[in-house]
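What follows is a set of notes on a single structure, which appears directly below.
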Amino acid sequence: MRTSRLGLALKAILLTTLAIVAVGSLAYGVITGWRDSADLERRAEEASMFKAAKDPYQDQEDMTYPPSALPFFAIAVPTSSKELRRGLWIGLNLTALIAISVGILMRWGSQWPDWIRASFALAIVSSKPSRGGMALGQFHLLPLAFLVGAEAFSTRCVLSGLFVGLALIKPTMVAPYLIFMAIRRRWGALVVAGLVQISLFAVSAWQLQLSPLFLTQEWFRNARAQSAQGTIDVPSLMLRIWPPTDLS
């Protein structure tokens, strides 16, 4: 009986501590994101240029997302109002956090005890990537939510592929998962993901009146420059072997 009470007390202490940390972490992310969102403001500049049919890769050297990201940012990052933009982005990231937690618990933690499930969810909210993503207006919680969704619905080929295709907007996070999908022979979902990316590339090429190959070369050029400065990860092994191209 004494051991049982001690166990309950320790669980209560753990959950209370994690809840306090989670609330503080979330508050920091939301408040700082509302005031700052430095990365989000860069995405807003790129989205604004894209909507005006101007090439973001030419004027924004830190534009290291693939061309397929431009239509997504044009929709998800409002350029008319700073308050609307930051409020929507914080809301999207909070939704992504919920989706990540629920998806992981549904896929892998359905048999865990309730206190472990609650602790895990609070730990995700408390993590540095969660608060940092919202505070700086970064783009990693949404792709992660798409990946978790792809795995949670892995038996539904089209839906899983759609999630992966959207997550590929940030290829540095998603490339290893493509290998995992290939090993599991989820060819249908891979085809759907590829079609999603091709469609987004085509939209960008049509809007900017530039060829997909040219846009890809511009993307690699910017990514290579940022990699040389040590500010981002190398997007893929292709970046290392892609021959430098004179885009002038």
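The residue of the stretch 88-114 that is surrounded by the most Cβ atoms within 10 Å (Cβ to Cβ), among those that are over 17 Å from the mean Cα position of the chain (by Cα) and in contact (Cβ under 8 Å) with a residue 12 or more places away in the chain, is Leu105. The lone criterion from (1) open to solvent by less than 30 Å² (accessible area, probe 1.4 Å); (2) of a type in the set (A, V, I, L, M, F, W, C); (3) at pLDDT 90 or above left unmet by Ala52 is number (1). When the residues of the stretch 121-156 are filtered to those that are without any contact (Cβ under 8 Å) to a residue 24 or more places away in the chain and part of a loop (DSSP other than H, G, I, E, B), the one that is surrounded by the fewest Cβ atoms within 10 Å (Cβ to Cβ) is Thr155. Evaluated against (1) of a type outside the set (D, E, K, R); (2) modelled with pLDDT of 85 or more; (3) in contact with a Phe, Trp or Tyr (Cβ under 6 Å, 6 or more places away or on another chain); (4) open to solvent by less than 30 Å² (accessible area, probe 1.4 Å), Leu159 falls short on exactly one condition, (4).
Scanning the stretch 109-132 for residues that are in contact with a Phe, Trp or Tyr (Cβ under 8 Å, 6 or more places away or on another chain) and within 24 Å of Ala27 (Cβ to Cβ), we see that the one that is modelled with the highest pLDDT is Phe120. The one condition from (1) within 18 Å of the chain's Cα centre (by Cα); (2) over 21 Å from Trp219 (Cβ atoms); (3) open to solvent by 80 Å² or more (accessible area, probe 1.4 Å); (4) of a type outside the set (Gly, Ala, Ser) that Ile13 does not meet is (1). Scanning the stretch 66-87 for residues that are touching a Pro at 6+ places or on another chain (Cβ under 8 Å) and without any contact (Cβ under 8 Å) to a residue 60 or more places away in the chain, we see that the one that is least open to solvent (accessible area, probe 1.4 Å) is Arg85.
The values are calculated or read from the model by the stated rules, or taken from the named source; none is laboratory data. Source: prediction; values computed, not measured. Every residue, glycine as well, gets a Cβ built from its backbone with ideal geometry; the counts of neighbours run over all protein chains shown. Heavy atoms of the whole protein, side chains included, go into the accessibility calculation; ligands, DNA and RNA do not. Shrake-Rupley method; radii C 1.70, N 1.55, O 1.52, S 1.80 Å.
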